[in-house]
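Trainee: Dropping a structure here in structure tokens format, bear with me for questions.
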């Protein structure tokens, strides 16, 4: 239910502005929705079921939103939920081309709504774990940490990505410390000092997986992270 709350809150302010604006909003969202939905079937229509081809939303939408910034951001978010595991160009096993379709769609959504917390939090995890878009996840997490400097959950997830994917121990330790300073459990602060050891790196990865299970997050995301932990050599964690 949490992922729907931004949609409800963003649209609530529009309902009271009169029929004309509602009609404009409906036509705009219907047109965009039709384009995005049809793009998901383009590959099948061309007998390319093994290689989906999704249309990246034009960057111009950031400037030509006709006053519907927040509803448009919601629409983009709902579209990404259908293809959180989409990788248009694999460059290695379980690694996708950097800053691809998923990143560009999430990036535009957060440009339209810079305070779209769910897009940063869940979108960053999808980029990092599901499609291994390292560059895209780094950029989205950096934006999320800047937009929500006191949100320990986003900082905590960004710390995992910095350590496990960027291989940036210093950045990960600083993000973990930031999380600890803004409400994270006590063990987070202690872990920030252990990130320089192999034991600390594995502990962070395993704690992220445990929290995913506790929160009941998508099993595909859990399984992908479990594979990463099991396949990584001890010295690379």
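Read the figures in this text as sums done on the coordinates, not as results from a lab. Note that the coordinates shown come from a computational prediction; the quantities given were computed from them, not determined experimentally. Positions of Cβ are backbone-derived with ideal geometry, glycine not excepted, and every protein chain shown enters the neighbour counts.
Trainee: Starting from the Cα gyration tensor of region 87-136, multiply each eigenvalue by 5, take the square root, and state the resulting semi-axes largest first in whole Å.
Mentor: Those come to 21, 11, 6 Å.
Trainee: Roughly how many Å is it from the Cα centre of region 75-98 to that of region 121-140, as a whole number?
Mentor: After rounding, the separation between the Cα centres reads 9 Å.
Trainee: Another question, then. Provide the packing ranking of 173-180, 145-152, i.e. peptides ordered by the mean count of other C-beta atoms within 10 Å per residue, highest first.
Mentor: 173-180, 145-152
Trainee: Evaluate the distance, in nm, between pseudo-label points positioned 7 Å from the Cα of residue 223 and of residue 91 along their respective Cα→Cβ axes.
Mentor: 2.6 nm
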